[in-house]
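The values are calculated or read from the model by the stated rules, or taken from the named source; none is laboratory data. All values derive from a computational prediction rather than experimental measurement. Cβ coordinates were reconstructed from backbone atoms using ideal geometry, including for glycine residues, and neighbour counts include every protein chain displayed. Ligands, DNA and RNA are stripped out before the accessible areas are found, and what is left, the full protein with its side chains, is counted by its heavy atoms. Shrake-Rupley method; radii C 1.70, N 1.55, O 1.52, S 1.80 Å.
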Amino acid sequence: MIVDLPSTTTAAVNRELIELRERGGAVALGRVLTLVIVTDDGAQAEEAIEAANAASREHPCRVLVLARGARRAAPRLDAQIRVGGDAGASEVVVMRMYGQLVDHGASVVVPLLLPDAPVVTWWPGPRPKVPAEDPVGRLAQRRITDAAAQRSPSRGLAAARSSYTEGDTDLAWSRLTLWRGLLTAALDQPPHEDVDSAAVTGATDSPSTDLLAGWLRSRLDVPVRRIRSGPGGGITSVVLERHSGPIELVRPDGKVGTLTQPGQPDRKVALQRRHVRDCLTEELRRLDADEIYQAALQALPAVRASGANHRKVTDSAQGARS
Amino acid sequence: MTGSGWHRPRAAETWRNPLRDPRDKRLPHIAGPCGVTIFGVTGDLSRKKLMPAIYDLANRGLLPPGFAVTGFARRDWSDQDFAEVVLQSVRDYARTPFRQDVWDRLAEGVRFVSGSFDDDAAFDRLTDTIAALDRMHGTSGNHAFYLAIPPEAFPVVCKQLARTGLAEHGDAHWRRVVIEKPFGHDLHSARELNEVVNEVFPEDSVFRIDHYLGKETVQNILALRFANQLFDPIWNSHYVDHVQITMAEDIGLGGRAGYYEGIGAVRDVIQNHLLQLLALTGMEEPVSFSPDALRGEKVKVLSATKLVGPLDETTARGQYSAGWQGSQQVAGLHQEQGFDPESRTETFAAITLQVDTRRWGGVPFFLRTGKRLGRRVTEIAVVFKRAPHLPFDDTMTEELGENALVIRVQPDEGVTMRFGSKVPGTAMEVRDVTMDFSYGTSFTETSPDAYERLLLDVLLGEPSLFPVNEEVELSWQILDPVLEHWAATGTPEPYPAGTWGPPAADAMIGRTGRSWRRP
């Protein structure tokens, strides 16, 4: 059900939410968190809502969408409430702000936060300079940005690093969880040797590749190279050099990964690029500080970048295997 | 590369994976290289539960690269035919959306071996198939054998697995066996069965599936009790009047005579599911969530659990007769195909147990289960004593019942609390109201199926959610007297399908001045 409340107030929105609950049974009971989405008005807002609806199937939540409209209009708030089939397992309140109100999103959100439940803020598009100091970000226990959605992903990642505060996280980090899982599982198996060095290859515009390199650097404390393979395609390969030969996880087509280890048959695994909704679901699963992410960010400067000469590295990797 | 002296591989015990960190809670636990061999692939269990669970695990990225599934059955199938069968059951029953990439990878590891259990040549072929998988596909010698077959066939399959060396552990690889209920039909047969299995597989590589333990709501019992301060202080005989554990099914037994005739509700449901629920409800706090600590507490509470006598008055049994199950007219047990018209197999059973610990002294535990009852529901109801003194007069509290905390295991998973509240209006009048926590209907849609969880735990070698030998034997020890008593005298009382069981069940609980909750 969709209820439109044009030119309204937050108090009226609240009244309508309670009324909907009384009319339609327990709609908002059992909600575990409030998810605030800060976005510009338009197609991006709908995409974000769709991802949030999908995530709400695991984490029933109240979704508050702050859609920033034209700044030069008269101050106005248009609200739309979606419940039931139109909102997954959540209730969605889309609030379009105009005029001066655009800069006061936090004030609009405060009356609508669920009592006692944690607040998560997500910026699907441009990130604020310091999420933890942003007025809406300050309300939240968890602040989700997306380095890949910035005009310059690498600068977005650098900003995430310099502004890191406990509770920050980035979708570029959740995008590589499957890679991390597979690499970890590969090291679980004998021979239990130290890793001597590592190389991560991926698109120039893939902050996830950078983060993967940073993570390996922070965990293994060995030289890690970040090799650029041109734009597009995300992460394409990881090589962990060990005495007995390299462990390689290669995904050239963005779909199927191949795990190669010395003395063992090649193993294939479905390794698709993750959807935003899956990443978001993962992000909502935990609301405490992610120290591992922090360490990966901090290790970024210690990762050696290499561009044109990446052939040499793959060659030496091949040499070690033979 | 750097010098060689530093790189000697280390023993598994001293090795710590530098990529793992307990603080890294996102990192999925992906099983190491392995494969699973399923005996009885043509059955309902593997079609409706196992194969979809395998696909769902693969889709969630939790299976290792190069995972293999081998089917064994008396069918003239090729690998491709079997892959088709698996694909069909994945399409029909999988929880997560179908993705061609995931299926293609899975299909590369699907094998089929045709033969019967007493056919040596077939098991030799199975051995070759598994060796080839290790060599070509990367299963690294780690294999789980899932016996989705009747227990009568266990001895012959186990012997074959021993003969061909398939059951043999190594330092570098593991072999595990997964078995489904029934784990015997009384203490004696359970011991025999355990001996048969343990002769071939040591106890720590035997995984007994009780799928109830894989359910989120059942694991939530532990969270509810031990992660909260709110409930523990009242979780004892000072405040609890009694506990009711119910598992009701609305289905009948048409087509399941071969399995059910002579087994009955106690063996089918109470011995495993309900006694496990009782153990989780009644146990003391484990010092940690390690498998040993958890099982230790369960064993303790089960060893303190006894039937309350005299059995004629504290137990009840029934058999459904023809009637209306909701909007549908259904046959009684005696008319169901395959059942003896004189059958004495009970389809409803209710028993009274006592748990002789300081925590539970004097608190009866009522367990009941049945087929063709009012609706499908499983729940644990902890019913509290009445307030010792009410400052209200009788007319004010006429409609006030006892406070209760109900853990709804399935369906509509959640927790309900019942307490009194003032009815709005001028006069003081107190009536029962309920407060509900629900996982929400859409929420449970995406929470993993019990079989997914359990199968992954088998592959990871994580035994917490599997009952051990000792638990199985203790539960038979508890139930054997009632089975013997019922076998010796009387017959089950008929109850019309679609009702909540025979009058004897109401009489049984009524003798103690209590009554069954209508779930």
Note, ³J(HN,Hα) from phi for the stretch A:130-138, Karplus 6.51, -1.76, 1.60, rounded to Hz, x at Gly and Pro: 10, x, 5, 9, 5, x, 6, x, 5
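I'd like the mean, over residues of A:260-271, of how many other protein chain beta carbons sit within 10 Å of each residue's own Cβ.
Details: counts 1, 3, 0, 0, 6, 10, 5, 12, 9, 11, 13, 5.
Partner Cβ neighbours, averaged per residue: 6.
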Could you report the buried accessible area between A and B, both sides summed, computed with a 1.4 Å probe and given in Å² to the nearest 100? 4200 Å²
Helical contribution to [θ] at 222 nm, DSSP H n ≥ 4, -39,500 (n - 2.57), averaged over chain A, rounded to 500: -9500 deg cm²/dmol
Alpha carbon centroid spacing (whole Å) that separates the stretch B:204-270 from the stretch A:100-175: 43 Å
Cα axis of helix A:276-285 to longest principal axis of chain A: angle in degrees, 0 to 90, nearest 10? 80 degrees
Quick one: Cα centre-to-centre distance for the stretch A:205-279 and the stretch B:315-346, in angstrom? 60 Å
Chain A, Gaussian network, Cα under 10 Å: of A:E58, A:E91, A:E193, the residue fluctuating most is A:E193
Dipole of chain B, positive direction: furthest Cα of B:T314, B:G296, B:T352, with charges on the beta-carbon: B:G296
Which pairs in the list B:K48/B:K298; B:K48/B:K159; A:K129/B:K25; A:K255/B:K49; B:K25/B:K306 are over 32 Å apart, alpha-carbon to alpha-carbon? B:K25/B:K306
Counting Lys and Arg as +1 and Asp and Glu as -1, each charge on the Cβ, what is the dipole of chain B about the Cα centre in debye, to the nearest 20? 1100 debye
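Mind checking the dipole of the stretch B:30-180: about its Cα centre, +1 per Lys or Arg Cβ, -1 per Asp or Glu Cβ, Debye to the nearest 20?
On the way: 17 positive and 20 negative charges, 91 e Å.
The dipole of the stretch B:30-180 has a size of about 440 debye.
Give me the tail of P(r) for the stretch A:2-145 as a percent: Cα-Cα pairs with distance above 19 Å. Let's see the in-between values first.
On the way: 4845 of 10296 pairs.
Within the stretch A:2-145, distances greater than 19 Å cover 47 percent of Cα pairs.
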Simple SL model, points at 7 angstrom along Cα→Cβ for B:M428 and A:R72; separation in nm is 6.8 nm
Helix A:207-220: inclination vs chain A longest Cα principal axis, degrees, rounded to 10, gives 60 degrees
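For n ≥ 4 DSSP H runs only, could you compute -39500 (n - 2.57) per run for chain B, divide by its residues and tell me the 222 nm figure to the nearest 500?
Values: 15 runs with 154 residues, N = 519.
Rounded to the nearest 500, it is -9000 deg cm²/dmol.
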What does the structure give for B:60-73 when I average, per residue, the other chain Cβ atoms found within 10 Å of the residue Cβ? 4
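Can you pull a Stokes-Einstein diffusion coefficient for the stretch A:145-199 at 4 °C (1.567 mPa s), Rh from Kirkwood over Cα pairs, as a whole number of µm²/s? Mind dumping the intermediate values first?
Details: Rh = 13.4 Å.
After rounding, the answer is 96 µm²/s.
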Positive end of the charge dipole of chain A (Lys, Arg +1 and Asp, Glu -1 on Cβ, about the Cα centre): tell me which of A:T209, A:Q141, A:V102 has its Cα farthest that way. A:T209
Partner chain Cβ atoms within 10 Å, averaged over the residues of A:186-197 - can you pull that number for me? 6
Crossing angle, helix A:153-162 versus chain A [Cα axis fit, 0-90 degrees, rounded to tens]: 80 degrees
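Computed from the mean reciprocal separation of all distinct C-alpha pairs, what Kirkwood hydrodynamic radius does chain B have, in Å?
Numbers: mean 1/r = 0.0397 Å⁻¹.
It is 25.2 Å.
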Which whole-number percentage describes the relative contact order of chain A, with Cα contacts under 8 Å and a sequence gap of 6 or more? 15 percent
At a Förster distance of 41 Å, what's the computed FRET efficiency of A:K255 paired with B:A387, Cβ-Cβ distance as r, to 0.05? 0.05
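Starting from the eigenvalues of the Cα gyration tensor, five times each then square-rooted, give me the equivalent ellipsoid semi-axes of the stretch B:30-180, largest first, whole Å. Let's see the in-between values first.
Working: eigenvalues 105, 64, 38 Å².
Rounded to whole Å, the semi-axes are 23, 18, 14.
Hey, what's the Cα Rg ratio for the stretch B:122-262 versus the globular rule of thumb, 2.2 N^0.38 Å?
The value comes to 1.44.
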Long-range amide H partners of B:G71 with built H, under 5 Å: B:I38, B:R111, B:F112, B:V113
Highest-first arrangement of B:28-35, B:65-72, B:245-252, A:208-215, where packing means the average Cβ count within 10 Å: A:208-215, B:65-72, B:28-35, B:245-252
What FRET efficiency comes out for the pair B:R344/B:S303, r = Cβ-Cβ distance, R0 = 30 Å, nearest 0.05? 0.45
For chain A, state the average projected area of the convex hull of the C-alpha atoms over all orientations, rounded to one decimal in nm². 17.5 nm²
Let me check the size of the protein assembly as shown from its C-alpha atoms; what are the radius of gyration and Dmax in Å? 29.8, 90
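Taking the Cα centre of the protein assembly as shown as origin and charging only Cβ (+1 Lys, Arg; -1 Asp, Glu), how large is the dipole, in debye to the nearest 20? Numbers along the way, then the final one.
Numbers: 96 positive and 110 negative charges, 583 e Å.
In total the dipole reaches around 2800 debye.
For the stretch A:177-321, take N as its residue count and report Rg(C-alpha) divided by 2.2 N^0.38 Å.
Numbers: Rg = 14.8 Å, N = 145, 2.2 N^0.38 = 14.6 Å.
In units of the globular-protein estimate, the stretch A:177-321 measures up at 1.02.
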